[in-house]
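The values are calculated or read from the model by the stated rules, or taken from the named source; none is laboratory data. If you're wondering where the values come from, they're calculated on a predicted model, not measured in any experiment. Backbone-built Cβ (ideal geometry, glycine too); neighbour counts: all protein chains shown.
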Amino acid sequence: MKQALIIVLFSLVVFSGFGQTYTTADKRAIKLHQEGDDLIQKRLYDEAIGKFKASIERDADFLESYLKWGRILLTQGFPENALEVVNQGLLRNVKASSTVMGDIAWLKTHCLLRVGSFRLAIAEFDLAKEFLQPNFRATRPFLEIEKQVDFIRQGIQNSFGIEKEKLPSPLNQFTLQYFPVLTADSKKMLFTKRDGLTNAEHEDIFVSYYDEVESVWGAPRSISPSINSAYNEGTCTISADGKILIFTSCQMPDSFGDCDLYVSYKVDESWQKPMNMGKNVNSRVWDSQPSLSADGSILFFSSNRRGGFGGKDIWYSLRLKDGGWSEAKNLGDKVNTSKDEVSPFIYFNNEVLFFSSDGHLGYGGLDLFMSKVEGGEFGSPANLGYPINDHQDQLALFITAQRDYAYFTETEFVDGKQERSYLYRFGFPDEIDLGGRLTVTEGRVLNQNTGEPVAATLSLIDLASDSTLYRFGSDGATGEFTMIYPEKEAMGLYVEKKGYLPKIYNVDRDSLANHKNLEVGLVPVAKGEEFVFENIFFDFDKTDLKPSSRTSLKILETFLRENPGIGLVITGHTDNVGSEPYNKDLSLRRARAVKLYLESVGVNANRIDVEGSGSDLPIADNKTEEGRALNRRITVKVR
């Protein structure tokens, strides 16, 4: 931005400064003005202002000195003062040449853009176009501003009707609070707080819980003594289930560079000692502002390391099967530019990335952009529009899984200097497409015999592709879990824990969507215990296993390998449509199809018995199609 303003300051000197006649005949005023020009060339801006003030004292109608004074003020970051000065000059003298009037309209365009008076900026730019010389209108600075003004012109005509709301007390009680993130259930908010304005002031991660009865956020408190330390703990991200925390810490003894990323895992309601994420993620410079995908499998962050496209870029790392992280890679030049790309946020569906940038076309400063996955990679970014973006820096966007609110940070400036920063939110516009709707399911995993909580692994699987959409764990102390997933036609939920029978659900048929208190009872492995072997599919009146059965078959294979001392009885069941002899034969053949699969992957045939029960043991009413569908099943019993 500063370099652009220096171009603003000097470019018109080149195109309109030679051979010009002034709006004053006072030679002493002109000499003082020219001395100010010389000081500008030496970048002695305060001294130059003194010369321009002195020339105006000689002749209060000397419009060019007001203009030069205003340019310097804009360069120094005081657009309001620059507007005041140049308008003061216009009140004294409106009979200047078209060249000077063009220069003034050009300066006012920049000032008005900087203060967010977009409609006035558009009017001034249209005026400037009438006066500015053709050779200047062909330059890059002019063409870039013309493109931005046209973009803003269109943007304010198609603005969103949103209202930005400052979060009420007891939040926003610190000097600075920023980078809010929420868990998938929107009941827990984490943010960074700083006690003062300087970098020497202490940063910590704080947390606030939402009180559903009172509909208010609770008093914020330190997230944990194992996370916050004597060092600065800053911008953070948390997995959807609240079990993985990644945050920034600077100048730690084990850091690789200026600021590094650290990870901590929550075990039995306690955050474990943070670990540096290692050289695959961190570098010798600044690595910060992490965003973790909902399932904890992909980490996005911002870094100014070598190998990027300039400034700060967005990078990513993949979580490996052993719990480590892959070598970070740059997200590429569709997202990253020669300027800054920061504060990434990957939405819960892993398909939309939000970030801030001053390298893509926007409204001024850092704007918020979104990029969608297209053909396996993130596509060209789209500006989120007005008034989500305005003339100020927009940072740290977080959109809830429910898509009701977007949380962000807004900074308060006084005389061009940061004074406070606050947490805000606004209703997220329906017009911005985030892809398919998401579903949140909450519950507990318990030992069905004792009621004790179980730390199990839960996997959400796209049955058609046999691909894992989401893998997470239940809390060992409470058994609680939260999962979030896109609405798809065929999904299975698999709950596993060594020493227990697997629990298998069909998400649609078992109505798991938006369940608030799903109770999953796991049965310890023991002789005679049985479970329904869900998501095993056959065509009508056929015994060939359909491809969508692959996930459940592999789960049963894994169960047998983890329990080598047991055998199983696989029983086929049908509804009551058709003759019973036929149903018993069909159910037996389907049970045999499962056994044949297990044999094909190396399971000893002697460990598997098969039975065909036909329609003898219904678990639902055969009078309805829903009931008949439940009765067409495979069961597995420990023998």
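Which residue pairs have Cβ atoms closer than 9 Å, lie 6 or more positions apart in sequence or on different chains, and pair a first residue in segment 61-80 that is assigned by TED's automatic domain parsing to the domain that holds Ala29 and over 10 Å from Leu107 (Cβ atoms) with a second residue that is assigned to a loop (DSSP other than H, G, I, E, B) and of a type in the set (Lys, Arg)?
Listed by first residue and then by second, the contacts come to Asp61/Lys95; Leu63/Lys95.
Please specify each residue of segment 469-487 satisfying the condition of being surrounded by fewer than 23 Cβ atoms within 10 Å (Cβ to Cβ), in a strand (DSSP E or B) and free of Cβ contacts under 8 Å to residues at least 60 places away in the same chain.
Residue satisfying the conditions is Glu480 alone.
I need the full set of residues from segment 218-235 which are in a strand (DSSP E or B) and surrounded by 20 or more Cβ atoms within 10 Å (Cβ to Cβ), in order please.
Asn232, Glu233, Gly234, Thr235
Return the residues of segment 356-383 that are in contact with a Leu (Cβ under 9 Å, 6 or more places away or on another chain), surrounded by fewer than 23 Cβ atoms within 10 Å (Cβ to Cβ), in a loop (DSSP other than H, G, I, E, B) and at pLDDT 95 or above; say none if nothing qualifies.
Asp358
For residues that are acidic (Asp, Glu) and at pLDDT below 95, scanning just segment 311-355, find the one that is farthest from Ala406 (Cα to Cα). Even if it seems obvious, please write down each step before you answer.
Applying the first criterion (acidic (Asp, Glu)) to segment 311-355 yields 313, 322, 327, 333, 340-341, 351.
Now restrict to residues that are at pLDDT below 95: 322, 351.
On the way: Asp322: 34, Glu351: 17 Å.
If we take residues in segment 311-355 being acidic (Asp, Glu) and at pLDDT below 95, then Asp322 is farthest from Ala406 (Cα to Cα).
Looking at (1) in contact (Cβ under 8 Å) with a residue 60 or more places away in the chain; (2) more than 30 Å from Leu112 (Cβ to Cβ); (3) surrounded by fewer than 21 Cβ atoms within 10 Å (Cβ to Cβ), find the lone condition where Met252 falls short.
Of the numbered conditions (1) in contact (Cβ under 8 Å) with a residue 60 or more places away in the chain; (2) more than 30 Å from Leu112 (Cβ to Cβ); (3) surrounded by fewer than 21 Cβ atoms within 10 Å (Cβ to Cβ), the odd one out for Met252 is (1).
Which one of these is out of contact with any Ser or Thr (no Cβ under 8 Å at 6 or more places or on another chain) and over 30 Å from Asp462 (Cβ atoms): Asn563, Asn606?
The conditions single out Asn606.
Working carefully through the options Glu144, Glu124, find the one that is part of a helix (DSSP H, G or I) and free of Cβ contacts under 8 Å to residues at least 12 places away in the same chain. Spell out how you get there, then give the answer.
Values: Glu124 fails: free of Cβ contacts under 8 Å to residues at least 12 places away in the same chain.
Selected residue: Glu144, the only one of Glu144, Glu124 that is part of a helix (DSSP H, G or I) and free of Cβ contacts under 8 Å to residues at least 12 places away in the same chain.
Restricting to segment 36-55, what's the tally of residues that are touching a Gly at 6+ places or on another chain (Cβ under 8 Å) and among the β-branched types (Val, Ile, Thr)?
Number of matching residues: 1.
Can you tell me how many residues within segment 488-507 are surrounded by 15 or more Cβ atoms within 10 Å (Cβ to Cβ) and assigned to a loop (DSSP other than H, G, I, E, B)? So that I can check it myself, show each step before the final result.
To start, the set of residues in segment 488-507 that are surrounded by 15 or more Cβ atoms within 10 Å (Cβ to Cβ) comprises 488, 490-497, 500-507.
Okay, now just the ones that are also assigned to a loop (DSSP other than H, G, I, E, B), so 488, 490, 497, 501-502, 507.
Looking only at that region, the number is 6.
If you check Lys334, Lys321, Lys329, which single one turns out to be of a type in the set (Lys, Arg), closer than 19 Å to Ala382 by Cα and surrounded by fewer than 17 Cβ atoms within 10 Å (Cβ to Cβ)? Walk me through how you get there before you give the answer.
Details: Lys321 fails: closer than 19 Å to Ala382 by Cα; Lys329 fails: closer than 19 Å to Ala382 by Cα.
Lys334 is the lone residue from the list that is of a type in the set (Lys, Arg), closer than 19 Å to Ala382 by Cα and surrounded by fewer than 17 Cβ atoms within 10 Å (Cβ to Cβ).
Out of the residues in segment 228-255 that are farther than 22 Å from Ile298 by Cβ and either hydrophobic (A, V, I, L, M, F, W, C) or not assigned by TED's automatic domain parsing to the domain that holds Val267 (or both), which is nearest to the chain's Cα centre (by Cα)?
Per the criteria, the residue is Cys250.
Only one of (1) over 21 Å from Leu501 (Cβ atoms); (2) among the aliphatic types (A, V, I, L, M); (3) surrounded by 15 or more Cβ atoms within 10 Å (Cβ to Cβ) fails for Val610. Which number is that?
(1)
Go through segment 619-639 and count every residue that is within 21 Å of Asp544 (Cβ to Cβ) and among the aliphatic types (A, V, I, L, M).
Selection size over segment 619-639: 3.
Would you check if there is a residue in segment 410-429 being touching a Gly at 6+ places or on another chain (Cβ under 7 Å) and not in a loop (DSSP other than H, G, I, E, B)?
The answer is no, given that none of the residues of segment 410-429 is touching a Gly at 6+ places or on another chain (Cβ under 7 Å) and not in a loop (DSSP other than H, G, I, E, B).
Looking at (1) more than 26 Å from Met483 (Cα to Cα); (2) assigned to a strand (DSSP E or B), can you tell me which one Val207 breaks?
(1)
In segment 76-95, which residues are buried (at least 22 other Cβ atoms within 10 Å of the Cβ) and over 17 Å from His391 (Cβ atoms)?
Passing the criteria: Val85, Val86, Gly89.
On the given criteria, is Ile399 within 30 Å of Gly479 (Cβ to Cβ), of a type in the set (A, V, I, L, M) and modelled with pLDDT of 90 or more?
Here the answer is yes, as Ile399 does meet what is asked.
If only one of Pro180, Pro170 is modelled with pLDDT of 95 or more, in a loop (DSSP other than H, G, I, E, B) and not polar (S, T, N, Q), which one is it?
Pro170
So which residues in segment 444-453 are touching a residue at least 60 places away in the same chain (Cβ under 8 Å), more than 17 Å from Ala526 (Cα to Cα) and either aliphatic (A, V, I, L, M) or outside any strand (DSSP E or B) (or both)?
Residue satisfying the conditions is Val445 alone.
Go through segment 318-355 and give me each residue that's under 27 Å from Met483 (Cβ atoms), within 17 Å of the chain's Cα centre (by Cα) and assigned to a strand (DSSP E or B).
Leu318, Ser343, Pro344, Phe345, Ile346, Val352, Leu353, Phe354, Phe355
Provide a single number: the residues in segment 567-580 that are in contact (Cβ under 8 Å) with a residue 24 or more places away in the chain and farther than 20 Å from Ile536 by Cβ.
So the count comes out to 1.
Which is among the small types (Gly, Ala, Ser), out of contact with any Leu (no Cβ under 8 Å at 6 or more places or on another chain) and modelled with pLDDT of 85 or more, of Ala526, Ala456, Ala490, Ala513?
On the way: Ala456 fails: out of contact with any Leu (no Cβ under 8 Å at 6 or more places or on another chain); Ala490 fails: out of contact with any Leu (no Cβ under 8 Å at 6 or more places or on another chain); Ala513 fails: modelled with pLDDT of 85 or more.
The conditions single out Ala526.
Quick check on segment 540-565: of everything there that is in a loop (DSSP other than H, G, I, E, B) and touching a residue at least 40 places away in the same chain (Cβ under 8 Å), which residue is nearest to the chain's Cα centre (by Cα)?
The extreme case among them is Asp544.
Hey, can you tell me all the residues within segment 589-625 that are in contact (Cβ under 8 Å) with a residue 40 or more places away in the chain and in a helix (DSSP H, G or I)?
Passing the criteria: Arg589, Arg590, Ala591, Arg592, Ala593, Val594, Tyr597, Leu598, Arg607.
For residues in segment 508-537 being under 30 Å from the mean Cα position of the chain (by Cα) and not hydroxyl-bearing (Ser, Thr, Tyr), which is surrounded by the most Cβ atoms within 10 Å (Cβ to Cβ)?
Initially, segment 508-537 is screened for residues under 30 Å from the mean Cα position of the chain (by Cα), giving 508, 511-518.
Of the ones still in play, those that are also not hydroxyl-bearing (Ser, Thr, Tyr) are 508, 512-518.
Numbers: Asp508: 14, Leu512: 19, Ala513: 14, Asn514: 11, His515: 16, Lys516: 9, Asn517: 8, Leu518: 17.
Within segment 508-537, the match that is surrounded by the most Cβ atoms within 10 Å (Cβ to Cβ) is Leu512.
Regarding segment 568-576, can at least one residue be identified that is in a loop (DSSP other than H, G, I, E, B), in contact with a Ser or Thr (Cβ under 8 Å, 6 or more places away or on another chain) and not charged (D, E, K, R)?
Yes, there is a match, as at least one residue in segment 568-576 is in a loop (DSSP other than H, G, I, E, B), in contact with a Ser or Thr (Cβ under 8 Å, 6 or more places away or on another chain) and not charged (D, E, K, R).
Being in contact with a Lys or Arg (Cβ under 8 Å, 6 or more places away or on another chain) and assigned by TED's automatic domain parsing to the domain that holds Ala396, is that true of even one residue in segment 182-189?
Yes, there is a match, as at least one residue in segment 182-189 is in contact with a Lys or Arg (Cβ under 8 Å, 6 or more places away or on another chain) and assigned by TED's automatic domain parsing to the domain that holds Ala396.
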